[in-house]
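A short write-up of the structure that comes next.
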Amino acid sequence: MSLELVCPAGTPSALRAAVEAGAHSVYCGFRDETNARNFPGLNFSPDELVEGVRFAHAHGTKVLVAINTFAKAGAMDAWKAALANAEKAGADAVILADLAVLDHAATHHPNLRLHLSVQAAAATPEAIAFYADTFGVKRIVMPRVLSVEEIAKLNAAINVETEAFVFGGLCPMTEGRCSLSSYATGKSPNLTGVCSPPEHVAYTEDKNGTATRLNGFTIDRFGAGEQAGYPTLCKGRFVAGGKTFYLFEDPVSLNAASLIAALAKAGVTALKIEGRQRGKGYVAEVVRTFRAAVEAIDAGGTEVEVGRLLSGLVEGGRQTSGAYKKTWR
Amino acid sequence: MAEHFRGELPRFLRILAAPAGFLPLGPALTMAVRRFARRKPAVFDRLGEYGKCSFLIEPSDLDVSFLMVPDGVRAEVKCLRRRASQTADVTVRGPLLVLLGLLDGTFDGDALFFNRAISVSGRTDALVALRNSIEDAELTPADFVGATGSLGKLVDRSVIGGLGLARRFTGSPIPGEPS
Amino acid sequence: MLDTKKSTNMTKTGLTLGPVLFNWSPDRLRDFYARIADEADVDRVHLGEVVCGKRQPFTDGVWPELIERLQAAGKQVVLSTLALPYNPRERNAVIDFCKAGELAEINDLTALPTVAGKPFLVGPFVNVYNEGAARFLAGRGATGICLPVELPIASVAVIAAALPEVEFELFAFGRLPLALSGRCYHARLHGLHKDGCQFVCDRDPDGLPVDTLDGQRFLAINGIQTLSSGVEAFCPTPEDLAKLGVRRLRLSPHTVDMVAVSRLYRALLDGRASRTETLAALKALDLPGELVDGFTRGQPGSARVEMA
């Protein structure tokens, strides 16, 4: 069976771009704290989702709705509404992380297909079996801590589908287990669906160049002409043990394109592209390229051919294959 | 980086911008944004509370800057002489072509931060919101300057041509967030 | 609703000594827990390696004697499981810990099928952000839950009010455990890979400070874990805790005199010392960072303690 390409849709226009570029599935979220990409100006209203699903289905593309934050105590209504609206819109699956949301979905929306978000950080056969047996979860988005060899072993030990990130932003921390952002700003992926929120980002020019600060903490500093990254806390430059460097992660993005065939062999069902905050031009280009690569692999294409197809994406920024190769650790 | 772009500025826009006040640019832009708001109200729903923020847009290769409050049909754009000390919720400064690239999807919310040609101060979140809202609008440069008909096509062609060049100065990695 | 519960049941607030998060040698652990057994004013002590599975072979041998030692001194012993297990040895270790016969604290849902149906505790690495998640775990047998460190205090009150039968615990003292990774930062700092890490994290028994480029003290690394530089010092009055519905506080071990820390907290919880006195006394100790308590005040976690 061919690999399913799961593509980001931060806005309705990005959804259309991804669908037209050949996405097998798109994933998106509602414009509120129920999804882990709660950035200003992004995401879908319930009506936009209805329209988006209609458009995607007309093109044979599935829509997966991320409702993957942890519900706020005493205020679960937004998460319940998100589940109901996703089902009403005809979503093909919802991507969930919180035990309470999973429990509610399994009980009240038995026909909704459930995927487990990377935010749930389920990395062992025992944990995955728990989610599958308890809530009927059909697919796991795998934490970005496993190597390809470990993914192969994991797939042999579980009976649900797995989805692996292959391109885009890379969290060096285990997702769903990180409170760095709330330590600095009070807001975090688990609490409010944002990491290093833009309202706490400030750029200050001084004689040493430009400092990027997150709620007063200096995350990095650039000289004129040096390329800056979005000031995500874990991608910053810090001083530790007498060294000044990118302690947690270099300003790189994930590109596991060269490992697509290996991931397929390891039993992965779907490949996920990160980037709901990226523009439609970027999304279309990445999706088109990955679609061609997946088809080349299906047709028995060589690594060289696949590599050539993807070479355009490697231009520019620096990239890593992340935890898929053990040396990353 | 501004000098890379200076020669590439569409002639039409140079003429428009050169003697500030010579053309009633502010009112024309105000009308354009308000017309746009009537045509595509969803863009401004998306913008939400940020519609009330003031955005100071300073093309580094022009002698004018623009102060915009994109509050839907109550939107307002002022064209100001450069160096007139003006405060706003958020100020964004860079070569005009790069700034226009924010409109058509050439530069997305993330590329904005990678691109050192642009400097942002003030409420960064407001700019991200504006950028993401515009992204969904499928806006063309002609919409931005309020040009229509054949004039609009001319604007689109020249700006998009320039953007091809600007594209080379962006790209690259992004902050990781999950789903 | 909160007030009626408060007045009917003013039992003594429990004090827990959490698991040691750092790479301490077996000898250091023996000495540390011997003194805890004899002198510390805590009623519950957590043992076990929760951060890095690679450290487990070094410490596995010490736990049995420490369990006995602590139990003989009248402490309740809890075995805490690894927060991020993934290889087969680590997964088996988690399951073995849960079957050892002591009360287990799970820090990952890997352990849930093993403990379900009998009483167990839930550690701060499990994402309990609302009453629904807490109720789900209580339904599986959880009798106590130490809530995630970033959970807003308003949420704590809502969750505790919804489940009066569960003993809720808050992380009250020590560097805050903020993140885990597949990558080892100690190894990376020393130019090594995790697989050949040489266990360099043992050089920093309170974690290695991470400062910003402008010299601000910010974080600390501990192998695959990232902690705050600031030392959490949540010092509530007994009335504050009763109002919140929180019945237990957790002290996280550091090289500072933990016996002294435990006594300060005991006095605070028994109403024998004021918040200001307690904070002043904590501040006088040899701490690895500034006192912070933002998470317990609806602020960023790094917000400094206000003494007044």
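The values are calculated or read from the model by the stated rules, or taken from the named source; none is laboratory data. Since this is a predicted model, take the numbers as computed values, not measurements. Cβ placement follows ideal geometry from the backbone for every residue including glycine, while neighbour counts extend to all protein chains displayed.
So here's what we get for this one:
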| item | result |
| --- | --- |
| Answer residue from region A:125-154, given it is closer than 20 Å to residue A:68 by Cβ, of a type outside the set (A, V, I, L, M, F, W, C) and modelled with pLDDT of 95 or more and is surrounded by the most Cβ atoms within 10 Å (Cβ to Cβ) among those | A:131 |
| Within region A:238-270, considering residues that are part of a strand (DSSP E or B) and within 14 Å of chain B (Cβ to nearest Cβ), the one surrounded by the most Cβ atoms within 10 Å (Cβ to Cβ) | A:253 |
| Candidates B:129, B:137, B:75 - the one that is at pLDDT 85 or above, closer than 19 Å to residue B:30 by Cα and touching a helix residue (DSSP H, G or I) at 6+ places or on another chain (Cβ under 9 Å) | B:75 |
| In region A:273-329, the residues that are more than 15 Å from residue A:254 (Cα to Cα), of a type in the set (Lys, Arg) and modelled with pLDDT of 80 or more | A:280, A:288, A:291 |
| Identity of the residue in region A:124-142, of a type in the set (Gly, Ala, Ser) and within 21 Å of residue A:4 (Cα to Cα), that ends up farthest from the other protein chains (Cβ to nearest Cβ) | A:136 |
| Of the criteria (1) more than 21 Å from residue A:117 (Cα to Cα); (2) crowded, with 24+ Cβ neighbours inside 10 Å, which one residue C:124 fails | (1) |
| Of all residues making up region B:85-99, the number that are in contact (Cβ under 8 Å) with a residue 12 or more places away in the chain and not in a strand (DSSP E or B) | 9 |
| Filtered residue count, region A:24-60, keeping only those that are surrounded by 24 or more Cβ atoms within 10 Å (Cβ to Cβ), of a type outside the set (A, V, I, L, M, F, W, C) and part of a loop (DSSP other than H, G, I, E, B) | 7 |
| Residue within region C:280-296 that is at positive phi, at pLDDT 95 or above and not charged (D, E, K, R) present | no |
| One residue from C:78, C:45, C:94 being of a type outside the set (Gly, Ala, Ser) and in contact with a Pro (Cβ under 6 Å, 6 or more places away or on another chain) | C:94 |
| Within region C:178-200, tally of residues that are closer than 30 Å to residue C:159 by Cα and more than 8 Å from every other protein chain (Cβ to nearest Cβ) | 0 |
| Those helices (runs of 4 or more DSSP H) lying entirely in region C:231-308 with at least 1 residues within 14 Å of chain A (Cβ to nearest Cβ) and either under 27 Å from residue C:35 (Cα atoms) or not acidic (Asp, Glu) (or both) | C:238-244 |
| Residue match in region B:60-71 (condition: under 21 Å from residue B:128 (Cα atoms), within 14 Å of chain A (Cβ to nearest Cβ), assigned to a strand (DSSP E or B) and touching a Cys at 6+ places or on another chain (Cβ under 8 Å)) | no |
| In region C:11-54, the residues that are in contact with a helix residue (DSSP H, G or I) (Cβ under 8 Å, 6 or more places away or on another chain), buried (at least 19 other Cβ atoms within 10 Å of the Cβ) and within 17 Å of residue C:200 (Cα to Cα) | C:20, C:22, C:23, C:24, C:49, C:52, C:53, C:54 |
| Scan of region A:163-179 for residues that are assigned to a strand (DSSP E or B) and within 14 Å of residue C:84 (Cβ to Cβ), ordered by number | A:173, A:174, A:175, A:176, A:177, A:178 |
| Count of region A:181-196 residues which are in contact (Cβ under 8 Å) with a residue 40 or more places away in the chain and either assigned to a helix (DSSP H, G or I) or on the phi < 0 side of the Ramachandran plot (or both) | 7 |
| Sole exception among (1) in contact with a strand residue (DSSP E or B) (Cβ under 9 Å, 6 or more places away or on another chain); (2) assigned by TED's automatic domain parsing to the domain that holds residue A:116 for residue A:261, by number | (1) |
| Subset tally (residues that are among the polar types (S, T, N, Q) and either within 17 Å of residue A:173 (Cα to Cα) or crowded, with 17+ Cβ neighbours inside 10 Å (or both)) for region C:175-215 | 2 |
| Single match in A:145, A:65 (criterion: away from chain C (no Cβ under 14 Å) and either touching a helix residue (DSSP H, G or I) at 6+ places or on another chain (Cβ under 6 Å) or not in a helix (DSSP H, G or I) (or both)) | A:65 |
| Qualifying residue in region C:125-136 (condition: part of a helix (DSSP H, G or I) and more than 7 Å from every other protein chain (Cβ to nearest Cβ)) | yes |
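Table: residues versus (1) part of a strand (DSSP E or B); (2) more than 11 Å from every other protein chain (Cβ to nearest Cβ).
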| residue | (1), (2) |
| --- | --- |
| C:144 | yes, yes |
| C:151 | no, no |
| C:202 | no, yes |
| C:206 | no, yes |
| C:213 | no, no |
